[in-house]
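Asker: My structure is below; once you've seen it, I'll send some questions.
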């Protein structure tokens, strides 16, 4: 049996084979370093717990604290209005007895630490003729108490309550996290916005 002369000679690697192999290897490395941090991004939020706090506060308020757990996202008008009524807490009256929150300070009522800055606002478009979604107030005037938009002319009475509580959110380059929940207040669909920073 005769062997072919080409099988006896060892085959060497050519420069072209080496260049293609290294190019493919480098492309894979670049892809891995650019893709993997993006997949981990939602779980690495600069060491803060703000997204979790905003979602937790929004869920707790919308699904039970300002209403009843049997009817999530439907706010009890009395409990919701008194939650936002800062003059009640300034007078030292505390939370109403039949509502599902307690405490005179906002952080106590929502169950976060006093180092957490937050703002909770109800927004909507409930007044005919007023464009856009704006902060709401609780108009206690006749014929019946209803939510109305701030700036609509229906807010401003001495017993009306602006449905926003907490420090104003920063407008500079500070990082804020916002959670929104659509809820029903006195039969109106409104948006509850929780901002944490």
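The values are calculated or read from the model by the stated rules, or taken from the named source; none is laboratory data. Computed from a prediction, not measured in an experiment: that's the story for all the values here. In this analysis, Cβ positions are derived from the backbone assuming ideal geometry, glycine residues included, and neighbour counts consider all displayed protein chains.
Asker: Over 22 Å from the mean Cα position of the chain (by Cα) and either crowded, with 19+ Cβ neighbours inside 10 Å or at pLDDT below 85 (or both) - does that describe any residue in segment 97-119?
Answerer: Keep residues of segment 97-119 that are over 22 Å from the mean Cα position of the chain (by Cα), which gives 97-99, 102-104.
Now drop any that are not either crowded, with 19+ Cβ neighbours inside 10 Å or at pLDDT below 85 (or both), which leaves 97.
Looking through segment 97-119, at least one residue is over 22 Å from the mean Cα position of the chain (by Cα) and either crowded, with 19+ Cβ neighbours inside 10 Å or at pLDDT below 85 (or both).
Asker: Do you know which residues across segment 138-179 are exposed (fewer than 13 other Cβ atoms within 10 Å of the Cβ), touching a strand residue (DSSP E or B) at 6+ places or on another chain (Cβ under 8 Å) and free of Cβ contacts under 8 Å to residues at least 40 places away in the same chain? Full working, then the answer.
Answerer: Narrowing segment 138-179 to residues exposed (fewer than 13 other Cβ atoms within 10 Å of the Cβ): 142-144, 153, 157-159, 167-168, 171-175.
Subsequent filtering for residues that are touching a strand residue (DSSP E or B) at 6+ places or on another chain (Cβ under 8 Å) retains 157, 167-168.
If the condition is that a residue be exposed (fewer than 13 other Cβ atoms within 10 Å of the Cβ), touching a strand residue (DSSP E or B) at 6+ places or on another chain (Cβ under 8 Å) and free of Cβ contacts under 8 Å to residues at least 40 places away in the same chain, then 157 is the only one that fits.
Asker: Now for a different question. Does residue 130 count as farther than 15 Å from residue 61 by Cα, surrounded by 14 or more Cβ atoms within 10 Å (Cβ to Cβ), modelled with pLDDT under 90 and touching a helix residue (DSSP H, G or I) at 6+ places or on another chain (Cβ under 7 Å)?
Answerer: Values: farther than 15 Å from residue 61 by Cα: yes; surrounded by 14 or more Cβ atoms within 10 Å (Cβ to Cβ): yes; modelled with pLDDT under 90: yes; touching a helix residue (DSSP H, G or I) at 6+ places or on another chain (Cβ under 7 Å): no.
When the stated conditions are applied, residue 130 does not pass them.
Asker: Going by the conditions given, is residue 43 closer than 30 Å to residue 175 by Cβ, loosely packed, with under 13 Cβ neighbours inside 10 Å and either touching a helix residue (DSSP H, G or I) at 6+ places or on another chain (Cβ under 6 Å) or modelled with pLDDT under 90 (or both)? Break it down into steps so the answer makes sense when it comes.
Answerer: Details: closer than 30 Å to residue 175 by Cβ: yes; loosely packed, with under 13 Cβ neighbours inside 10 Å: yes; either touching a helix residue (DSSP H, G or I) at 6+ places or on another chain (Cβ under 6 Å) or modelled with pLDDT under 90 (or both): yes.
Yes: the conditions hold for residue 43.
Asker: Ok, one more. What is the residue count in segment 65-81 for residues that are closer than 13 Å to residue 185 by Cβ and modelled with pLDDT of 90 or more? Walk me through it before giving the result.
Answerer: Taking segment 65-81 first, the residues closer than 13 Å to residue 185 by Cβ are 66-67, 71, 73-81.
Applying the additional criterion that residues be modelled with pLDDT of 90 or more yields 66, 71, 73-81.
Summing the residues that are closer than 13 Å to residue 185 by Cβ and modelled with pLDDT of 90 or more in segment 65-81 gives 11.
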